[in-house]
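Following: one structure in C-alpha cells, then a few remarks.
Each reported figure results from applying straightforward, stated rules to the coordinates on display, with no laboratory input. All of these numbers come straight from a predicted model, not from anything done at the bench. No Cβ is skipped: glycine too gets one built from the backbone with ideal geometry, and neighbour counts run over all protein chains shown.
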Amino acid sequence: GDFMDSTADPKLYTEITDTGKMVSVVEEYLEDYNATHTKKMPLVMFVDAVGHVARISRIIRQPLGNACLLGVGGSGRQSLTTLAAAISEFDCFQIEITKTYGKVEWKDDLKK
C-alpha cells in the first residue's frame with residue numbers, strides 16, 4: 001500500500017507485511033476522518049476490512065480506476081469506500097435518486 005506513511009511525498013507503493021501495523025494506520029485515518037467530518041463512521045477495523053480498504057484505495061488511485069462492490073446491505077461497502085477515498089485524499093459525492101431522477105439530473109451530477 002502507499003498509505004502507510006501519510007507524510008511521504010511521493011507516496012510509494014510498497015508491500016505491507018505487518019497486518020497489525022496496517023490495522024493501526026487505517027484506524028488512525030478513521031480517527032482523522034471522524035475528527036474532520038460531521039457524519040461520523042463508527043467502524044471496527046479488522047484485518048479483512050482493512051484489506052478491502054487497501055484494495056479500494058489502490059483501485060481508485062489508478063487512472064480511470066473503478067470497482068463494482070457487491071455484498072449484502074450493511075456489509076460496509078459504502079463506509080469502507082468512503083474511508084478509502086479519505087485515505088486517498090479524494091472527496092466523495094453521493095447521488096440521491098428520486099422518482100423524477102433522469103438523464104438531465106445524471107448529467108448535472110456528473111458535472112459536480
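Structural remarks
- Global geometry of segment 72-112, whether rounded, prolate or oblate, following the gyration tensor of its Cα atoms and the 1.5 cut on a/c: oblate
- In degrees, nearest ten, helix 19-36 long axis to first principal axis of the chain (Cα): 50 degrees
- Among VAL23, VAL47, VAL72, residue whose mean-square fluctuation peaks in a GNM of the chain (springs only between Cα atoms under 10 Å): VAL72
- Chymotrypsin sites (Phe, Trp or Tyr not before Pro), loop per DSSP, at most 12 other Cβ atoms within 10 Å - longest free stretch of the chain: 47-92
- Principal-axis analysis of the Cα atoms of the chain puts helix 77-87 at an angle of about 60° to the longest axis.
- Helix 47-61 axis, angle to the chain major axis (alpha carbon atoms, nearest 10°): 60 degrees
- Rounded to the nearest 20 debye, dipole of the chain from Cβ charges on Lys, Arg, Asp, Glu: 600 debye
- Most fluctuating residue given options GLN78, GLN94, GLN62, as computed from a GNM of the chain linking Cα atoms under 10 Å: GLN94
- Restricting segment 1-102 to GluC sites (Glu not before Pro) that sit in a DSSP loop and have at most 15 other Cβ atoms within 10 Å of their own Cβ leaves GLU15, GLU89, GLU96.
- Label-point separation, GLN78 to MET41 (7 Å along Cα→Cβ), nm: 1.2 nm
- Here the sum of -39500 (n - 2.57) over DSSP H runs of 4 or more residues, divided by the residues of the chain, equals -15000 deg cm²/dmol at 222 nm, to the nearest 500.
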